[in-house]
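Presented below is the structure to which this report refers.
The values are calculated or read from the model by the stated rules, or taken from the named source; none is laboratory data. Being a predicted model, the structure only gives us computed values, none of them experimental. With ideal geometry, Cβ positions are generated from the backbone for all residues, glycine too; neighbour counts draw on all protein chains shown. Surface areas here come from the heavy atoms of the whole protein model, side chains and all, with no ligands, DNA or RNA. Shrake-Rupley method; radii C 1.70, N 1.55, O 1.52, S 1.80 Å.
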Amino acid sequence: VGDRARLLYTLKRLVTPPQWAGQIAHEVAATALEAVRAGRGADPDALVTDAVRRARRAVADARAGLPALDPRRYVGFEALAYGDDPGDAWWDEAVGAVEAACRGVLAHPLMARLAEVPARIVEVERHVRTGIDDVTLLVALDVLVRDGRGGLVVVDWKTGAAHDPAEVDAQLAVYALSVSRRFRVAPEKVLGVHASTRDAAFRRVAFDADALAAATARVRASAAAMTALLPDPSVDRLDADALPQLDAGAPACARCRYRRACDR
Ligand code: SF4
């Protein structure tokens, strides 16, 4: 791997504390549900204790500079990549956010409900491909569970402070599209659930043929926008330097994790 590819890969994996907390909470939720499926049951306190221990280890490794040696193994933080070490209090807050996110997802009422019907859980964070015409859609659903009446329910954990309901609905519609195609069920038989782990709330999102047709159109448009950048759309290869850059000083660059690669 060349230096340029290595730099881009390292930057791609950088996280902010809320993103990191969300990643770990999703992992912990998946571990808990797999334990439930296997009939072992899950111990929330033990899972949180272990997550916090791993988070503290990740912080120590990041502050020691290890992500530069192996960005796949060690967590890289945007704060360290683009500035001085923010100090102990900042890191304590980041680990505290991990603990809160893990406790939030494990204590969510849907987690208790899922634990009552382990045999109905179909998938947990499994990467699956679905063909949408000539586009391959790759999704990993947080949880897919049968409703017991011939339908399927997609649960999407959200650990962040605020989410645009329209964006969440659009994302759930793409998940529902994948489920409807793979399991050959009508759109009305797929229910989306937006589960906020911050306030233990959840919101149901129903679908119909029009909603999934709109999701199909969005998937196609998104794929077309990406392949339009390729010199040869039949070959999935593009020199990163051939991509257009925003003008220097563009506001989006100030928040972009790739700005070092663009000399911004
Ligand atoms: S041009 Fe700006 S927004 Fe685009 S990748 Fe570079 S830094 Fe990021």
**Fill in**
Dipole check, the range 34-87, charges on Cβ (K,R +1; D,E -1), about Cα centroid: among LEU69, ALA38, VAL48 the Cα furthest to the positive pole belongs to ALA38
**Message:** If I compute solvent accessible area with a 1.4 Å probe over the protein chains, what percent of it on the chain is carbon and sulfur?
**Reply:** 53 percent
**Message:** Looking at the chain as a GNM with Cα springs under 10 Å, which of ARG57, ARG40, ARG149 has the largest mean-square fluctuation?
**Reply:** ARG149
**Message:** Nothing charged except the Cβ atoms of Lys and Arg (+1) and of Asp and Glu (-1): what's the magnitude of the dipole of the chain about its Cα centre? Round to the nearest 20 debye.
**Reply:** 600 debye
**Fill in**
GNM on the chain, Cα springs under 10 Å; top mean-square fluctuation among ALA81, ALA206, ALA250 goes to ALA250
**Accessible area of the range 120-186 divided out per residue, in Å², using a probe of 1.4 angstrom** = 47 Å²
**Message:** With just the Cα atoms defining each centre, how far is the range 1-43 from the range 121-188? Give it in Å.
**Reply:** 19 Å
**Prompt:** Got a sec? What order do HIS108, HIS194, HIS163 fall in by accessible area at 1.4 Å, biggest, i.e. largest, first?
**Reply:** HIS163, HIS194, HIS108
**Message:** Please report the antiparallel percentage of the DSSP beta bridges confined to the chain, to the nearest 5.
**Reply:** 70 percent
**Request:** Considering only ASP92, ASP164, ASP50, give the residue with the highest GNM mean-square fluctuation for the chain, with springs between Cα atoms whenever their separation is below 10 Å.
**Result:** ASP164
**Request:** Only Lys, Arg, Asp and Glu count, each charged at its Cβ (+1, +1, -1, -1), so figure out the dipole size of the range 120-260 about its Cα centre, rounded to 20 debye.
**Result:** 500 debye
**Complete:** Of the residues ALA223, ALA195, VAL168, the Cα lying farthest along the dipole of the range 162-264 towards its positive end, which is defined by charges on the beta carbon of Lys, Arg, Asp and Glu, belongs to ALA195
**Fill in**
Distance in Å, no decimals, from the C-alpha centre of the range 227-255 to the one of the range 75-108 is 31 Å
